[in-house]
1. Looking at G41, is it surrounded by fewer than 16 Cβ atoms within 10 Å (Cβ to Cβ) and within 16 Å of ligand 1 (Cβ to nearest atom)?
2. Give the residue, chosen from F85, F68, that is under 13 Å from the mean Cα position of the chain (by Cα) and either more than 13 Å from ligand 1 (Cβ to nearest atom) or closer than 28 Å to L223 by Cα (or both).
3. Would you pick out the residues in segment 16-28 that are among the small types (G, A, S), surrounded by 15 or more Cβ atoms within 10 Å (Cβ to Cβ) and more than 15 Å from ligand 1 (Cβ to nearest atom)?
4. Look at N47 and say whether it is without any contact (Cβ under 8 Å) to a residue 60 or more places away in the chain and within 16 Å of ligand 2 (Cβ to nearest atom).
5. Sort through V216, V184 and tell me the only one that's among the hydrophobic types (A, V, I, L, M, F, W, C) and either surrounded by fewer than 19 Cβ atoms within 10 Å (Cβ to Cβ) or in a helix (DSSP H, G or I) (or both).
6. Would you confirm, using the coordinates I've provided, whether E5 is more than 30 Å from Y147 (Cα to Cα), more than 16 Å from ligand 1 (Cβ to nearest atom), out of contact with any helix residue (DSSP H, G or I) (no Cβ under 9 Å at 6 or more places or on another chain) and among the acidic types (D, E)?
7. Taking segment 1-15, which residues are in contact (Cβ under 8 Å) with a residue 40 or more places away in the chain, hydrophobic (A, V, I, L, M, F, W, C) and assigned to a strand (DSSP E or B)?
Amino acid sequence: MPIIETKHLYKHFDGVRAVDHLSVAFEKGQITSVVGPNGSGKSTLVNLLTGMIPVDGGEIVVAGSVRFTKIKSHEVKDYGITRTFQDVRLFEQMPVLDNVLVVLTERGVFASLFEKHSPYHLEKAEEVLRRVGLWGKRHELALGLSYGQRKLLEIARVLATDADTILLDEPFAGLFPEMLKVVVDICKELKVKGKTLILIEHNMDLIRELSDHIYVLDAGKLLAEGKPQSVLARRDVIEAYLGE
Ligand SMILES: Nc1ncnc2c1ncn2[C@@H]1O[C@H](COP(=O)(O)OP(=O)(O)O)[C@@H](O)[C@H]1O
Ligand SMILES: [Mg+2]
């Protein structure tokens with residue numbers, strides 16, 4: 001059963017059909033990748049699925065029954081859905097550790113700053129920061145981190161939520177090989193744990209390695225779908241990329 005499904009989902013920006021009557025399904029416990037040239041609507045799709053922007057048409061069906069045409073972004077987590085951003089979003093003026101604690105306590109920035117954290121929250125924060133290799137940086141401000149470290153911190157924040165459905169918007173872009181391997185391994189671990197992953201990615205080798213199923217978008221429309229090996233070998237798919 002798909003955990004999230006879209007039906008004729010539609011979104012336009014001043015005449016640009018960013019997502020154009022798109023019907024896709026994300027199966028529970030699988031890694032599904034969404035690929036396509038720049039501007040093909042991938043981030044818009046993630047924004048629609050997480051209530052960041054309003055839907056113009058069609059619908060989003062979660063767990064087979066809840067229908068969203070007007071989901072709000074703060075409600076999304078109630079359905080076990082979380083995401084990362086292509087342009088990493090952190091609390092810049094807060095230490096690395098607090099960036100994770102805010103997610104764990106869900107009390108907002110001010111409350112969590114003054115709250116005495118439970119041993120459970122601190123333990124969980126340590127676990128996820130160690131997993132991405134940032135425990136040693138826990139007292140540094142987020143704004144002082146390198147680009148790759150920022151992406152790793154965002155992954156740590158996702159891990160801290162314990163969400164069942166995780167949307168990753170270009171999590172590997174710009175990472176050095178060592179950091180990239182950490183994120184690839186985390187994706188594999190999440191799959192073993194039964195989590196559902198929706199992956200936006202450009203690196204075709206990683207798509208082949210990780211995905212159970214892929215969707216190829218072109219100008220907001222579905223160009224192709226299926227197993228990565230066969231879809232990525234298709235001529236029209238290769239041409240869509242060459243046309244970039
Ligand atoms: N907030 C916005 N305002 C206006 N146009 C937008 C906005 N977000 C996306 N678009 C346009 O929608 C199309 C799809 O963009 P996007 O979803 O970011 O593509 P991708 O993530 O595949 O690169 C592009 O033409 C882009 O310029
Ligand atoms: Mg994008």
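The values are calculated or read from the model by the stated rules, or taken from the named source; none is laboratory data. From a predicted model like this one, the values you see are computed outputs, not experimental measurements. Reconstructed Cβ throughout: ideal geometry from the backbone, glycine too, with neighbour counts over all protein chains shown.
1. On the way: surrounded by fewer than 16 Cβ atoms within 10 Å (Cβ to Cβ): no; within 16 Å of ligand 1 (Cβ to nearest atom): yes.
It is false that G41 is surrounded by fewer than 16 Cβ atoms within 10 Å (Cβ to Cβ) and within 16 Å of ligand 1 (Cβ to nearest atom).
2. Values: F68 fails: under 13 Å from the mean Cα position of the chain (by Cα).
Matching residue, one of F85, F68: F85.
3. Taking segment 16-28 first, the residues among the small types (G, A, S) are 18, 23, 25.
Retained after the next criterion (residues that are surrounded by 15 or more Cβ atoms within 10 Å (Cβ to Cβ)): 18, 25.
Correct list: A25 only.
4. Numbers: without any contact (Cβ under 8 Å) to a residue 60 or more places away in the chain: yes; within 16 Å of ligand 2 (Cβ to nearest atom): yes.
Answer is yes for this residue.
5. Working: V216 fails: either surrounded by fewer than 19 Cβ atoms within 10 Å (Cβ to Cβ) or in a helix (DSSP H, G or I) (or both).
It is V184.
6. Working: more than 30 Å from Y147 (Cα to Cα): yes; more than 16 Å from ligand 1 (Cβ to nearest atom): yes; out of contact with any helix residue (DSSP H, G or I) (no Cβ under 9 Å at 6 or more places or on another chain): yes; among the acidic types (D, E): yes.
When the stated conditions are applied, E5 passes them.
7. The first filter runs over segment 1-15 and keeps only residues in contact (Cβ under 8 Å) with a residue 40 or more places away in the chain, leaving 1-12.
Okay, now just the ones that are also hydrophobic (A, V, I, L, M, F, W, C), so 1, 3-4, 9.
Scanning segment 1-15 gives I3, I4, L9.
Residue-wise test of (1) aromatic (F, W, Y); (2) away from ligand 1 (no atom under 16 Å from the Cβ); (3) within 13 Å of V34 (Cβ to Cβ).
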site: F176; (1), (2), (3): yes, yes, no
site: V192; (1), (2), (3): no, yes, no
site: E201; (1), (2), (3): no, no, yes
site: D205; (1), (2), (3): no, yes, no
site: E209; (1), (2), (3): no, yes, no
site: I214; (1), (2), (3): no, no, yes
site: L222; (1), (2), (3): no, no, yes
site: K227; (1), (2), (3): no, yes, no
